[in-house]
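Structure first, then comments.
The values are calculated or read from the model by the stated rules, or taken from the named source; none is laboratory data. Not measured: the values here are computed from a predicted model. Cβ placement follows ideal geometry from the backbone for every residue including glycine, while neighbour counts extend to all protein chains displayed. Accessible surface is based on the protein model in full, side chains and every heavy atom, while ligands, DNA and RNA are left aside. Shrake-Rupley method; radii C 1.70, N 1.55, O 1.52, S 1.80 Å.
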Amino acid sequence: MAGGEVMAERGLLIVLSGPSGVGKGTVREAIFKDEATTFEYSISMTTRKPRVGEKDGVDYYFRTREVFEEAIAAGRMLEYAEYVGNYYGTPLDYVEEKLASGVDIFLEIEVQGALQVREKMPEGIFIFLTPPDLAELKNRIVGRGTESMAVVEERMETAKKEIEMMSSYDYAVVNDKVSHAVAKIKGIVETEHLKTERVIHRYQKMLEGLK
């Protein structure tokens with residue numbers, strides 16, 4: 001379509017999820033510390049209190065329960081879940097705007113939320129981050145030093161159920177070493193961009209121009 005306006009190719013929605021304590025946040029931080037990363041991170045909203053070192057608008061949007069429930073009622077959440085007494089969710093408008101402009105958006109969310117996104121945006125790329133084993137997962141949760149043993153056990157029971165939901169995802173990546181997990185996730189995104197269904201329209205336009 002020579003001389004015509006070329007519309008931006010729609011961005012990919014990349015969803016990283018997995019059980020609590022598997023290291024989703026650590027992997028996400030490593031991905032975005034890499035200057036070669038081309039996709040953008042969509043910050044989640046939560047009603048939980050910030051952990052030491054976490055910043056509002058960087059790690060999460062920390063909001064009151066009342067504000068969060070107002071956003072739910074107004075339909076302004078792509079997904080949300082209540083997890084261990086707190087809400088977590090993804091603001092909808094920002095994600096849709098970025099995807100439409102051709103930007104890849106990366107979500108790091110809990111399993112319940114990821115399954116909601118799958119229903120609303122099945123074209124997304126869904127990646128399940130797994131621990132090497134359950135003993136290692138428990139060690140990581142205990143190692144945080146931020147949870148009581150009762151909460152640790154509750155998280156472990158939830159994690160077991162979440163791991164059973166792995167079949168709802170497109171890819172599974174073991175977080176045995178952060179650098180390995182990061183490389184695999186970036187490789188998945190690169191591969192998805194090469195799928196014929198995502199690029200064939202460019203060549204169809206070229207062929208039309210030859211007629």
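Database remark: amide H of Val173 closer than 5 angstrom to the amide H of Phe128, Leu129, Thr130 (H placed geometrically; neighbours at sequence offset of 5 or more, or on other chains; Pro and chain starts carry no H).
In this structure the range 43-103 gives 54 Å² per residue of accessible area when probed at 1.4 Å with all protein chains present. For the set Thr191, Thr90, Thr38, solvent exposure ranked by accessible area (probe 1.4 Å, protein chains only) runs largest to smallest as Thr38, Thr191, Thr90.
Overall shape of the chain was characterised from the C-alpha gyration tensor. The equivalent ellipsoid obtained from it has semi-axes of 34, 20, 15 Å, in decreasing order.
For the cross-link pairs Lys120/Lys160; Lys138/Lys195; Lys161/Lys195; Lys184/Lys205; Lys120/Lys205, which exceed 27 Å when the distance is taken from alpha carbon to alpha carbon? Please report the intermediate quantities before stating the final value.
Details: Lys120/Lys160 25 Å; Lys138/Lys195 38 Å; Lys161/Lys195 32 Å; Lys184/Lys205 33 Å; Lys120/Lys205 29 Å.
Listed pairs above 27 Å: Lys138/Lys195; Lys161/Lys195; Lys184/Lys205; Lys120/Lys205.
Quick check: at a probe of 1.4 Å, how many percent of the accessible area of the range 59-107 sits on carbon and sulfur atoms? For the range 59-107, the apolar C and S fraction of the accessible surface comes to 48 percent.
Annotation: amide H-H contacts under 5 Å for Phe39 (H modelled 1.01 Å from N, sequence separation of 5 or more, or interchain): none. When the chain is treated as a GNM, springs tying every alpha-carbon pair under 10 Å, which of Gly89, Gly21, Gly75 comes out with the largest mean-square fluctuation? The residue that fluctuates most here is Gly75. Using the Cβ atoms and a cut-off under 10 Å, what net charge is assigned to the surroundings of Phe62, where Lys and Arg are +1 and Asp and Glu are -1? Here the count lands on +1. Here the chain carries DSSP beta bridges of which approximately 30% are antiparallel, counting only pairs with both residues inside.
Filter the GluC sites (Glu not before Pro) in the range 49-150 to those in DSSP coil with at most 12 other Cβ atoms within 10 Å of their Cβ, and list the result. Numbers along the way, then the final one.
Values: sites: Glu54, Glu66, Glu69, Glu70, Glu79, Glu82, Glu96, Glu97, Glu108, Glu110, Glu119, Glu123, Glu136, Glu147; in loops: Glu54, Glu110, Glu123, Glu147.
The qualifying sites are Glu123.
Stokes-Einstein diffusion of the range 43-103 at 4 °C, 1.567 mPa s viscosity, Kirkwood radius from Cα pairs, rounded to a whole number: 107 µm²/s.
Please list, by residue number, every one of the trypsin sites (Lys or Arg not before Pro) in the range 1-92 that is coil in DSSP and has at most 12 other beta-carbon atoms within 10 Å. Could you put the intermediate results ahead of the total?
Values: sites: Arg10, Lys24, Arg28, Lys33, Arg48, Arg51, Lys55, Arg63, Arg65, Arg76; in loops: Arg10, Arg48, Arg51, Lys55, Arg63, Arg76.
Qualifying residues, ordered by number: Arg51, Lys55.
Largest first, how would Met121, Met206, Met165 line up by accessible area (1.4 Å probe)?
On the way: Met121 15, Met206 115, Met165 65 Å².
The ordering from most to least exposed comes out as Met206, Met165, Met121.
Could you put Glu40, Glu29 in order of accessible surface area, largest first, with the 1.4 Å probe and the full protein assembly present?
Glu29, Glu40
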